[in-house]
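None of the figures in this text is laboratory data; all of them are computed from the coordinates on show. These numbers come from a predicted model, not from an experiment. Note that each Cβ is placed from the backbone with ideal geometry, even for glycine, and that neighbours are counted across all protein chains shown.
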Amino acid sequence: MAKTLFEKIWDSHKVDEIEGRTLIYIDRHMVHEVTSPQAFDGLRINKRKVRRPDLTFATMDHNVPTTNRSLPIVDQISATQIKTLEKNCQEFGIPLFGLDSPYQGIVHVIGPELGITLPGTTIVCGDSHTSTHGAFGAFALGIGTSDVEHVLATQCLVLDKPKTFEIRVDGKRKNSHAVTAKDIILSIIKKIGTAGGNGTVLEYRGQAISDLSMDERMTICNMSIEGGARAGLVAPDQTTFDYLRGRKYTPKNYDDLIESWKNTLKTDDNAKFDKSFIIDASQIAPQVSWGTNPAMTADVTESVPEPAEYARGDSSQETAAKNALAYMDLKPGTPLTDIQIDRVFIGSCTNARLQDLIEAASIVKGRKVSPKVKAMVVPGSQQVKMEAEKMDLDKIFKEANFEWRESGCSMCLGMNPDILSRGERCASTSNRNFEGRQGAGGRTHLVSPIMAAAAAITGHFVDVREWV
Amino acid sequence: MGKVIKYEKDNIDTDVIIPGQYLKLHDYDEIAKHAMEGIDPDFHSKVQKGDFLVAGRNFGCGSSREHAPIALSQCGIKGVIAVSFARIFYRNAVDGGFLLPIEVDEETYKKIGNGDQIEVDIGTNQIKNVTKNQTYAMKPFSEIVAKIISAGGLFKYKPD
């Protein structure tokens with residue numbers, strides 16, 4: 001029977017069927033400091049071990065400071081959570097890329113760059129943006145702490161089989177320097193809605209997806225969860241195989257693996273998806289979110305919508321849009337390019353990889369951040385930071401008055417000192433514009449790295465197509 | 001019987017349910033003090049044990065933080081009644097044995113009012129609104145979810 005890529009990965013990882021649910025083997029488990037402490041407590045209480053410490057990898061990213069790492073951590077509660085992860089990894093024999101490691105970084109940035117993430121595998125982490133790893137043709141999903149404990153103890157997870165949802169991005173982008181992967185995924189979420197993918201695994205396909213680099217595919221898969229899907233994936237191809245060659249954990253028999261992946265890891269021609277959505281890449285413009293969920297997004301050439309117009313007869317959507325505009329302090333009809341910003345954050349597991357920083361730097365080079373804007377770049381990992389510094393990107397950003405920080409989740413979710421003040425408005429390359437996400441009362445506009453960079457220079461949003 | 005605390009909102013996300021800055025806390029009671037702080041800083045003091053939170057579509061979207069159902073449950077919330085749930089929140093609520101994620105149709109959601117006293121019977125899949133003397137149907141849990149709930153969570157559940 002013809003199968004989709006996801007169904008093939010699912011079937012090859014089935015351990016057992018239990019009362020209609022499936023026990024799925026987990027190939028890789030990524031662990032970070034925030035969603036793991038109670039799971040390790042649970043293991044200790046029940047005198048259990050970690051079943052496969054060799055398939056488990058830990059780092060600290062959510063609440064680490066992004067300032068000078070040679071200084072002690074000021075926030076004692078954060079310091080305790082970080083120390084707890086160190087102790088847990090030591091006790092249970094789990095490899096840890098700690099604060100002093102050259103491989104430390106956001107868990108979804110380091111997995112791929114270290115070659116831990118591989119095509120055809122199953123990957124979990126106590127973090128909803130685990131969907132990122134799907135860019136390599138893996139089934140990767142975020143789990144809660146109870147499930148983290150379950151995977152630590154058994155290397156398996158009990159799951160209901162999700163449905164399949166094809167997201168086809170046909171054609172080519174009109175200006176692939178200005179219209180980025182971030183604009184593609186925001187355009188998709190705008191159409192399918194924040195719950196459109198509930199209960200499904202997305203498979204991104206089509207010409208415009210094949211054209212993307214791995215860094216760009218990760219941006220797309222990363223935000224699958226923002227469309228309600230726990231996982232999203234892209235079939236591996238030569239771009240994938242080239243990316244993973246020669247990385248720290250890339251398997252020794254890599255060429256043999258590639259041959260078998262080429263034959264197996266694709267959706268069969270006549271396979272059926274449960275749902276399909278098609279979008280034309282040539283119609284996609286740079287995006288700016290105006291509301292308080294990622295579906296509340298518009299083309300940069302548009303204005304803040306009238307709630308009634310946005311809701312199209314759905315009264316609860318209309319209320320949501322009204323509330324969002326009140327929170328965001330925006331008036332319907334205001335051109336998005338008139339919105340003045342206070343802060344710029346280039347970072348997060350969505351957009352803090354090398355390509356993101358190269359693209360943002362190309363906008364920033366030779367220009368200065370607007371005097372009313374405070375802007376920062378937080379590389380996704382120490383490796384990204386080092387590579388960027390080799391290319392002198394740090395100098396470009398610093399000369400323009402951007403702050404150049406150490407790697408971590410930073411202002412994406414406001415767990416460390418990098419937060420917005422009440423009322424501050426931020427152009428952010430992160431993934432969620434929820435109320436208070438970047439700090440209580442903070443206002444988030446989701447954009448691509450080049451859109452954020454251009455906004456930093458001018459102090460308001462601009463159509464970056466006019467710049468590149 | 002429990003009282004209803006209702007928010008007429010869709011997409012109540014995990015950053016509203018428990019803002020990121022409190023994910024550093026290890027103690028569940030401390031986490032509970034900040035439940036729903038994103039939209040209702042007084043939430044914690046309003047809840048009595050056995051109360052129900054009622055909201056619209058896609059409740060719990062966003063992060064995989066189990067702190068979200070923990071914060072609500074630790075305050076005393078017995079169940080969340082919503083038109084639909086984001087999947088990770090739903091799963092966390094069930095697997096950890098924290099609270100009942102109860103799905104109802106739009107009409108029922110509209111009928112249940114803030115402050116109403118209700119009783120939920122997961123045996124008959126009925127919600128009784130004592131204040132308004134009405135009875136509503138809830139969407140039945142799948143067989144396996146019902147078994148995990150009655151066991152008190154995934155770790156306490158043993159397959160037949």
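A straight line joining the Cα centroids of the stretch B:124-157 and the stretch A:104-176 runs 31 Å.
From the alpha carbon centroid of the stretch A:1-54 to that of the stretch B:1-78 is 27 Å. With a 10 Å cut-off around each Cβ of B:53-65, the average count of Cβ atoms from other chains is 6. What is the sum of charges around A:V158, taking Lys and Arg as +1, Asp and Glu as -1, for the other residues whose C-beta is under 11 Å from the C-beta of A:V158? Every neighbour counted, the sum reads -4. Mean sequence separation of contacting Cα pairs (under 8 Å, at least six apart), scaled by the length of chain A, corresponds to a relative contact order of 17 percent. For A:G98, what is the net charge nearby, where nearby means another residue's Cβ is under 12 Å from its Cβ and Lys, Arg count +1, Asp, Glu -1? That sum, taken over residues with Cβ under 12 Å, equals -1. Residues whose amide H lies under 5 Å from that of B:V54, counting only those 5 or more places away or on a different chain, are B:I5, B:K6, B:Y7, B:I81; hydrogens are built 1.01 Å from N in the peptide plane.
Mean partner shielding of peptide A:32-45, defined as the number of other chain Cβ atoms within 10 Å of each residue Cβ, is 2. Using the Cβ of B:E37 as centre and a radius below 12 Å, the other residues enclosed give a net charge of -3, where K and R count +1 and D and E count -1.
Compute the longest continuous run of chain A that contains no exposed GluC sites (Glu not before Pro); treat a site as exposed when its DSSP state is not H, G, I, E or B and it has at most 15 other Cβ atoms within 10 Å. Value returned for the longest uninterrupted segment is A:20-301.
Each of the peptides B:27-33, A:194-200, A:292-298 was scored by the mean count of other Cβ atoms within 10 Å over its residues; in descending order, highest first, they stand as A:292-298, A:194-200, B:27-33.
Among A:H32, A:H133, B:H26, A:H13, the ranking by other beta carbons within 10 Å of each residue's beta carbon, starting with the fewest, stands as B:H26, A:H13, A:H32, A:H133. Put +1 on the Cβ of each Lys and Arg and -1 on the Cβ of each Asp and Glu in chain A; which of A:I284, A:W467, A:P37 then has its Cα farthest toward the positive end of the dipole? Among A:I284, A:W467, A:P37, the one farthest towards the positive end of the dipole of chain A is A:P37.
Among B:N58, B:N133, B:N114, the largest mean-square fluctuation in a Gaussian network model of chain B (Cα springs under 10 Å) belongs to B:N133.
For A:V201, the residues 5 or more places off, or on other chains, whose built amide H falls under 5 Å of its own are A:K163, A:T164, A:F165. Could you tell me which of rounded, prolate or oblate describes the stretch B:1-130, using a ≥ b ≥ c as the square roots of the eigenvalues of the alpha-carbon gyration tensor, with rounded for a/c under 1.5 and, failing that, prolate when a/b is larger than b/c and oblate otherwise? Cα axes put the stretch B:1-130 in the prolate bin. Less than 5 angstrom separates the built amide H of A:K374 from those of A:R343, A:V344, all sequence-distant by 5 or more or on a different chain.
Rounded, prolate or oblate: which fits the stretch A:343-423, taking a ≥ b ≥ c as square roots of the Cα gyration tensor eigenvalues, rounded meaning a/c under 1.5, else prolate when a/b beats b/c?
Values: a/c = 2.06, a/b = 1.14, b/c = 1.81.
It is oblate, given that a/c is not under 1.5 and a/b is not larger than b/c.
Taking neighbour Cβ counts within 10 Å as the exposure measure, how do B:R65, B:R91, A:R44 sort from fewest upward?
Working: B:R65 31, B:R91 27, A:R44 11.
Least to most surrounded, the residues fall as A:R44, B:R91, B:R65.
Restricting to DSSP loop positions (anything but H, G, I, E, B) with no more than 10 other Cβ atoms inside 10 Å of their own Cβ, which trypsin sites (Lys or Arg not before Pro) remain in the stretch A:248-318?
A:K252, A:R312
With neighbours defined as other Cβ atoms within 10 Å of a residue's Cβ, the residues A:K47, B:K128, A:K172, A:K331 order from fewest to most as A:K47, A:K331, A:K172, B:K128.
Report note on the peptides A:350-357, B:150-157, A:438-445, A:282-289: ranked by the mean count of other C-beta atoms within 10 Å, highest first, their order is A:350-357, A:438-445, A:282-289, B:150-157. Under the classification rounded if a/c is under 1.5, otherwise prolate if a/b is larger than b/c and oblate if not, where does the protein assembly as shown fall, given a ≥ b ≥ c as square roots of the Cα gyration tensor eigenvalues? In terms of gyration-tensor shape, rounded. Mean partner shielding of peptide A:198-211, defined as the number of other chain Cβ atoms within 10 Å of each residue Cβ, is 1. Computed on the stretch B:2-156, with alpha-carbon pairs under 8 angstrom and 6+ residues apart, the relative contact order is 23 percent.
Helix content alone sets the calculated 222 nm mean residue ellipticity of the protein assembly as shown: runs of n ≥ 4 DSSP H residues at -39500 (n - 2.57) each, divided across all residues, give -8500 deg cm²/dmol.
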